[in-house]
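S.K.: Below is one structure. I have some questions about it.
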2 protein chains.
Amino acid sequence: MANLVRLSLNQATTQYWGMRETILGCAEAGIGWIGAWRHKIEEIGLAETVSLLRSHDVRVSSLCRGGFFPAPTLAQRQQRLDDNRRAIDDAATLGTNVLVLVCGPAPDKDIEAARRMVEDGIAALLPYAQERTVRLAIEPLHPMFAGDRSVVVTLRQANDMVERLHSEWVGTAVDAYHVWWDPHLDTELARARGTILGFHVSDWLVPPPDHLLGRGYMGDGVIDLPRLRSCVEAAAYSGPIEVEIFNKQVWDTPGAQVLQTVKQRFVDFV
Amino acid sequence: MANLVRLSLNQATTQYWGMRETILGCAEAGIGWIGAWRHKIEEIGLAETVSLLRSHDVRVSSLCRGGFFPAPTLAQRQQRLDDNRRAIDDAATLGTNVLVLVCGPAPDKDIEAARRMVEDGIAALLPYAQERTVRLAIEPLHPMFAGDRSVVVTLRQANDMVERLHSEWVGTAVDAYHVWWDPHLDTELARARGTILGFHVSDWLVPPPDHLLGRGYMGDGVIDLPRLRSCVEAAAYSGPIEVEIFNKQVWDTPGAQVLQTVKQRFVDFV
C-alpha cells in the first residue's frame, strides 16, 4: 500500500472524534497525515495537540480554516483579519505550511463587493503569512455554498485572485466535491500549475442524499477521481491528499472502521 | 401595475394545480402568461389545453421541458430525440416559440462525453425546430444538479454551445436561481446578446432550507434581481419573465394566494 503515503485524514470525516482520538486513530491505522480543524484543537489546546502529533509521528497537512473575510464594517473586517493571523500562528506551531481559506459569504446582496473584500483581506494577510512561512490556500467552494459560506466558487476565480495577488504565499486548495462539475476545470488546473497547495477528495452521490452532509466515500459517486488526480499532479502538486467526507452516516460509524474504508477506497478509487 | 405585463407564472410554482386551475387562476389574477409543463398538459390533453388558453386569453411563454440527451446507447439517444421532437410539436401547437431544454446528466463518470452528446442532440433537433418555428432554449442549471439533471451548468458553457451551433433556432434560458453565483455572469450575459430566449426568477434563501424544493419568493433571498434583470434586458431580452419557485411551503399555500404574492413580489423586487 505504498499509495497510502500521501493519504491524509481530514478531521471533517471523523467529526465525532476529538483531536486525541484522531491522532491515535491515524497512528494505529498507519495514516501519516491529518487535516486539522481549529475547533478540534481548541478542545485540548495547541501545546497538547503538538505533543500528541510528535509522539505519534503524525503530521498536519493543512489547518482548516481561515477566511470569512467579508463583513459590513471595516472594524469587523479587521477582527476577521486578526483571527486569520491567529490561524496562521496556529498553522506554524502545528508545523504545517498550509492554511485553508473558506472565504465567506457576502454580508448583503452585493456579491462582487464581497469578492473584493476577500481579495483585499488576503492581500492584507500576506506579509504575516510570509513572516510565519505559512501559505494561504484559497479553496473555491461549490456554488451551492455561495450564499452562506464562500463567494469564491470556481477555480478560475481563485486562479484570477492568485494571479493578481502575485505572491508565493498564496495559492489554491482543490476539493473534488467542490469543483468536479466545472466545464473549465482542466484548463484551470493546468493554469494553476505550481500554485496548488492542497487536494481534497470524496465523491458526489447521485442523487445527493443531502447537500451539506451527503458527500460519499470515493468510488460511491460520479466523480472521475483518477482523472482529476492526474490533472492535479500534472499541475505539479505532489503533497498530501486529504479525504474530507461530510456525511452523517460516516460520522455515525466507528472511527476505526471509517479509517479502514477510507484507506481501501483511497487505494482503489483515487 | 403596468410592470405585470411581462409576468409569467411557471407551473412549477403552483405544483398542485392542474392545467385548468392554472389557466383559470392566471386569468382571474390578471396574469397573461404561463410557463407550461408537459406533465400538466398530459393530464387534460393538448387540445383541451389550447382551448382553455384561448378562451381565457392566456398565452404560453415557454414549454418545459425538452432535453435529457445523454444516454448509454445510440438507440436510447434516438428515443430521447424523438421525445424532443414531440415536445417541439407540442410547443408549436401551444403557440409558444420556446422549448426549454434541461440537458440531462451523464450516464457514467465521463461528464465531457455527456456534454458532447448534449450538443450533438441539439444539433440533430435544429432542422425540426426550424420547420416548426420553435426555438430551443438551453437552460444552464445550478452546478448542484450536475449529477442528476444537467451537465450544462454555466451560462458560459451554454453560450459556447450556442456559438458553435450557430443557428437562430437555439439560444439560452437564464434562471436567476441557477446562475446568480457565477463570477462571470455579467460578461456572459453581455455575450448572450440577442440569444436569450427566456428569463426565470425566484430567490436563493440563506441558508437554503432545501436545495431542491427550497427556492424563495423574490425578495426573500440574496439575489440582486433588479441588477440581473437590467443585464438581461441590456442583452436585448424583452420577453415574458417567468416566476418559477420550487418550494414545498409555497406549494402547500392556496394557489390564488400564491399568485397575489407573486404579483406583489414581482413589482417590488424584480
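S.K.: Among the candidates A:Trp33, A:Trp37, which residue alone is within 21 Å of A:Thr172 (Cβ to Cβ) and surrounded by fewer than 22 Cβ atoms within 10 Å (Cβ to Cβ)? Walk me through how you get there before you give the answer.
M.R.: On the way: A:Trp33 fails: surrounded by fewer than 22 Cβ atoms within 10 Å (Cβ to Cβ).
Answer to the check: A:Trp37.
S.K.: Oh, and also: Confirm whether A:Gln11 is under 27 Å from A:Leu165 (Cβ atoms) and among the polar types (S, T, N, Q).
M.R.: Numbers: under 27 Å from A:Leu165 (Cβ atoms): no; among the polar types (S, T, N, Q): yes.
No: the conditions fail for A:Gln11.
S.K.: Somewhere in segment A:93-106, is a residue within 14 Å of another protein chain (Cβ to nearest Cβ) and out of contact with any helix residue (DSSP H, G or I) (no Cβ under 6 Å at 6 or more places or on another chain)?
M.R.: Let us first name the residues in segment A:93-106 that are within 14 Å of another protein chain (Cβ to nearest Cβ), namely A:103-106.
With the extra rule that they be out of contact with any helix residue (DSSP H, G or I) (no Cβ under 6 Å at 6 or more places or on another chain), the set shrinks to A:104-105.
So far as segment A:93-106 goes, yes, one or more of its residues are within 14 Å of another protein chain (Cβ to nearest Cβ) and out of contact with any helix residue (DSSP H, G or I) (no Cβ under 6 Å at 6 or more places or on another chain).
S.K.: Restricting the search to segment A:246-270, which residues are closer than 26 Å to A:Thr187 by Cα and not in a helix (DSSP H, G or I)? Full working, then the answer.
M.R.: Here is the first cut: in segment A:246-270, the residues closer than 26 Å to A:Thr187 by Cα are A:266, A:269-270.
Result: A:Val270, single match.
S.K.: Considering only segment B:136-156, I want to know if a residue exists there that is more than 14 Å from chain A (Cβ to nearest Cβ), of a type outside the set (A, V, I, L, M, F, W, C), farther than 30 Å from A:Met161 by Cα and in contact with a helix residue (DSSP H, G or I) (Cβ under 9 Å, 6 or more places away or on another chain). Can you show your working first?
M.R.: Initially, segment B:136-156 is screened for residues more than 14 Å from chain A (Cβ to nearest Cβ), giving B:136-137, B:139.
From what is left, the residues that are of a type outside the set (A, V, I, L, M, F, W, C) are B:139.
Pick out the ones that are also farther than 30 Å from A:Met161 by Cα and you get none.
No: segment B:136-156 contains no residue that is more than 14 Å from chain A (Cβ to nearest Cβ), of a type outside the set (A, V, I, L, M, F, W, C), farther than 30 Å from A:Met161 by Cα and in contact with a helix residue (DSSP H, G or I) (Cβ under 9 Å, 6 or more places away or on another chain).
S.K.: While we're here: Just wondering, is there one or more residues in segment A:76-91 that are within 14 Å of chain B (Cβ to nearest Cβ), in contact with a Gly (Cβ under 8 Å, 6 or more places away or on another chain) and modelled with pLDDT of 95 or more?
M.R.: Narrowing segment A:76-91 to residues within 14 Å of chain B (Cβ to nearest Cβ): none.
The answer is no; no qualifying residue exists.
S.K.: Is there any pair linking a residue in segment B:155-166 that is over 19 Å from B:Asp182 (Cα atoms) to one that is buried (at least 18 other Cβ atoms within 10 Å of the Cβ) and of a type in the set (Ser, Thr, Tyr), with Cβ under 9 Å and at least six apart or on different chains, and which?
M.R.: Matching pairs, first to second residue: B:Glu163/B:Thr195.
S.K.: In this structure, does A:His166 turn out to be more than 29 Å from A:Trp251 (Cα to Cα), facing chain B (nearest Cβ under 10 Å) and not aliphatic (A, V, I, L, M)?
M.R.: Working: more than 29 Å from A:Trp251 (Cα to Cα): yes; facing chain B (nearest Cβ under 10 Å): no; not aliphatic (A, V, I, L, M): yes.
No; evaluated as a whole, the condition is false for this residue.
S.K.: Turning to a different aspect of this structure: Can you tell me which residue in segment A:179-234 is farthest from the other protein chains (Cβ to nearest Cβ), limited to those that are of a type in the set (D, E, K, R) and in a loop (DSSP other than H, G, I, E, B)? I'd like the intermediate steps shown before the answer.
M.R.: First, the residues of segment A:179-234 that are of a type in the set (D, E, K, R): A:182, A:186, A:188, A:191, A:193, A:203, A:210, A:215, A:220, A:224, A:227, A:229, A:233.
Next, only the ones that are in a loop (DSSP other than H, G, I, E, B) stay: A:182, A:193, A:210, A:215, A:220, A:224.
Values: A:Asp182: 7, A:Arg193: 21, A:Asp210: 9, A:Arg215: 12, A:Asp220: 12, A:Asp224: 4 Å.
The selected residue is A:Arg193.
The values are calculated or read from the model by the stated rules, or taken from the named source; none is laboratory data. Please read these numbers as outputs of a predicted model, since none were measured by experiment. Virtual Cβ from ideal backbone geometry, glycine too; neighbours counted across all protein chains shown.
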